[in-house]
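Below: one structure, written as structure tokens.
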Amino acid sequence: MSISIPEDLIPCCRKAGVIVIFGYAKTGKIKIARRLSELLDNRRVIVSDDYRNLGFEPALYAMIKDANELVSQGIPLIIEGVQTARMLRKG
């Protein structure tokens, strides 16, 4: 399945330092994040599934730590996952 990102969204996303993609499980967040990353010159993507082996709470704080490190270095990010809304509240 091909993911289509509206062309008029790309300039807006280019200006953003951090893009957050959240939603219910199994809705295509990773596919959207990866496609958007390609369109934004391979912007770094933090995938919440990569942290799930840490457990729910530790994964949240590990994602916050990694995102903060990258942002402090001026690296633009895309962060995806069901925990991103909670991550925004906590971090």
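The values are calculated or read from the model by the stated rules, or taken from the named source; none is laboratory data. These numbers come from a predicted model, not from an experiment. Every residue, glycine among them, receives a Cβ derived from its backbone with ideal geometry; neighbour counts consider all protein chains shown. These area figures cover heavy atoms from the full protein model, side chains too; ligands, DNA and RNA do not enter into them. Shrake-Rupley method; radii C 1.70, N 1.55, O 1.52, S 1.80 Å.
Stokes-Einstein, applied to the Kirkwood radius of the stretch 38-91 over Cα pairs at a viscosity of 0.890 mPa s and 25 °C, places its translational diffusion at 214 µm² s⁻¹.
For the stretch 53-82, list residues with backbone N below 12 Å from a point placed 7 Å from the Cα of Leu39 toward its Cβ? So the set is empty, nothing qualifies.
Spin-label model, Asn53/Asp66: points 7 Å from Cα along the beta carbon direction are separated by 1.1 nm. Whole-Hz Karplus values for the stretch 74-86 come out as x, 8, x, 10, 10, 10, 10, x, 5, 8, 5, 5, 5 Hz, taken residue by residue from phi with 6.51 cos²θ - 1.76 cosθ + 1.60 and θ = phi - 60°; glycine and proline positions read x. The angle between the Cα long axis of helix 56-72 and the main principal axis of the chain comes to about 50°, on a 0 to 90 degree scale.
Quick one: angle between helix 29-39 and the longest Cα principal axis of the chain, in degrees between 0 and 90, rounded to 10, please. The angle comes out at about 50 degrees.
Can you tell me the dipole magnitude for the chain around its Cα centre, using point charges on the Cβ only (Lys, Arg +1; Asp, Glu -1), in Debye to the nearest 20? Roughly 180 debye for the chain. Under 5 Å between amide hydrogens, built in the peptide plane, is the criterion, and for Val18 it picks out Leu77 among residues at least 5 positions away or on other chains.
Think of each Lys and Arg Cβ as +1 and each Asp and Glu Cβ as -1; about the Cα centre, that makes the dipole of the stretch 29-81 roughly 180 debye.
Extents of the stretch 1-57, largest first, come to 37, 26, 17 Å (Cα atoms, principal axes, whole angstrom). Rolling a 1.4 Å probe over the protein heavy atoms gives the chain an accessible area of 66 Å² per residue.
Label zone of Lys31 (point 7 Å out along Cα→Cβ, amide N under 19 Å): in the stretch 1-15 this covers 1-7.
Under 5 Å between amide hydrogens, built in the peptide plane, is the criterion, and for Ile46 it picks out Ile78, Ile79, Glu80 among residues at least 5 positions away or on other chains. Within the accessible surface of the stretch 1-83, defined with a 1.4 Å probe on protein heavy atoms only, the carbon and sulfur portion equals 55 percent.
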